[in-house]
1. As an exercise: evaluate residue 269 against (1) under 16 Å from residue 72 (Cα atoms); (2) out of contact with any strand residue (DSSP E or B) (no Cβ under 9 Å at 6 or more places or on another chain) and give the number of the one condition it does not meet.
2. Among (1) touching a helix residue (DSSP H, G or I) at 6+ places or on another chain (Cβ under 6 Å); (2) surrounded by fewer than 23 Cβ atoms within 10 Å (Cβ to Cβ), there is one condition residue 10 misses while meeting the rest; what is its number?
3. Does residue 50 meet the test of being within 16 Å of the chain's Cα centre (by Cα), in the same structural domain as residue 196 (by TED's automatic domain parsing), within 20 Å of residue 336 (Cβ to Cβ) and assigned to a helix (DSSP H, G or I)?
4. Within the group 257, 322, which residue is within 30 Å of residue 77 (Cβ to Cβ), in the same structural domain as residue 386 (by TED's automatic domain parsing) and not in a loop (DSSP other than H, G, I, E, B)?
5. Among the numbered criteria (1) more than 21 Å from residue 442 (Cβ to Cβ); (2) touching a helix residue (DSSP H, G or I) at 6+ places or on another chain (Cβ under 9 Å), which single criterion is violated by residue 333?
6. List the number of the failed condition for residue 187; all other conditions in (1) over 21 Å from the mean Cα position of the chain (by Cα); (2) at pLDDT below 80; (3) in the same structural domain as residue 160 (by TED's automatic domain parsing) hold.
7. Out of 224, 233, report the one residue that is modelled with pLDDT of 90 or more, more than 24 Å from residue 349 (Cβ to Cβ) and not assigned by TED's automatic domain parsing to the domain that holds residue 298.
């Protein structure tokens, strides 16, 4: 069988901050409560939204990115989901047409209908103008309809909904053109809003009443939609190679992974890749644990070390253990926040500056404005890898970079990659399946496990 069919929907918006995650989570919670198997994907390289969506659906959330992962990997993930899921939801990234490739590119490539979430809190009839523009901007885009978020009174909802029935100005003397389909609304409410900070939404584990918020959002939405219906079925075609990329050379390798409130920016696909490659994963908390697990290699993903600077500094026993691991020549991979943790010093936005692991000479300093954002490819001695960068800090180190990332279709030089001993560190969040052999070499130090 080379074709599978499954209801699917892309949840996008005209811009960031419109409430895509809240709406996607509410939809997922409705159907999950009905014991439907909901598989959610996140378009683009995002770590925070998937945490919320995993809690809403009760299932792991994976990325879909046509450039970082490639068309074949995206096709494989959707093909696998269509085998067991009752519904596939994909949350878009930024605005519907923003970026190359965009959420619209992904929707059009796989013929997945788009629902546009529009923050209607400060508009009335203009809602229809935005809806018309989104639905007609790119010919051939499968457009399901629009969703009004953060609405006010019932009268406000009626105004928004009726505005869609107006004809296009150019069609007044010809055949009337019907507006985009109304798909629902969510009211403006502090009880269902998702809190945010500088890198995006607050992590799911930090929102004590997240389940209550998700249930209230689902209840507010459920009265307006028919839960007996699902989005249109989409046909998914079997990829040429439907097996997940993995490397048997990691069989039996013990990898320690930092994971807590300070270090949580981990692609679900990266963990799956390591496990399917035979590695044994041991998670530890730099905030709570005073000793490393017995491992061959360490992985420090990104996160929020700046928010927990004092606690990380105070855990001197673990910092010493990390130093001994590095001095023994065992491999370490550190990304973004994980790299900051391995610096000599880190300074937060309040001016607090403290010493940390001290493996990378120099210091990092947090800024209040964005320092870098975008997908990148980097060629290391081990091979080419793809990923993305998104950070509010700057680094000052005497280390000479061993490589620099490259932005696709841009001339700007990307992030530096540093080496000291068997440590590889960069601001780039690497997508491991983009080059299994290179990742294997990084975690084994170039030696076969």
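The values are calculated or read from the model by the stated rules, or taken from the named source; none is laboratory data. Everything quoted here is computed from the prediction, not taken from an experiment. Neighbour counts are summed over all protein chains in view; Cβ atoms, including those assigned to glycine, are modelled from backbone coordinates with ideal geometry.
1. Unmet for residue 269, out of (1) under 16 Å from residue 72 (Cα atoms); (2) out of contact with any strand residue (DSSP E or B) (no Cβ under 9 Å at 6 or more places or on another chain): (2).
2. So the condition that residue 10 fails would be (2).
3. Working: within 16 Å of the chain's Cα centre (by Cα): yes; in the same structural domain as residue 196 (by TED's automatic domain parsing): yes; within 20 Å of residue 336 (Cβ to Cβ): yes; assigned to a helix (DSSP H, G or I): yes.
Here the answer is yes, as residue 50 does meet what is asked.
4. Only one candidate passes the filter, namely 257.
5. (1)
6. Checking residue 187 against (1) over 21 Å from the mean Cα position of the chain (by Cα); (2) at pLDDT below 80; (3) in the same structural domain as residue 160 (by TED's automatic domain parsing), the one that fails is (2).
7. On the way: 224 fails: modelled with pLDDT of 90 or more.
Within the list 224, 233, the selection yields 233.
Okay, residues lined up against (1) buried (at least 18 other Cβ atoms within 10 Å of the Cβ); (2) touching a strand residue (DSSP E or B) at 6+ places or on another chain (Cβ under 6 Å); (3) not assigned by TED's automatic domain parsing to the domain that holds residue 66:
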residue: 85; (1), (2), (3): yes, yes, no
residue: 91; (1), (2), (3): yes, yes, no
residue: 104; (1), (2), (3): yes, no, no
residue: 115; (1), (2), (3): yes, yes, no
residue: 119; (1), (2), (3): yes, yes, no
residue: 124; (1), (2), (3): no, no, no
residue: 131; (1), (2), (3): yes, yes, no
residue: 137; (1), (2), (3): no, no, no
residue: 141; (1), (2), (3): yes, no, no
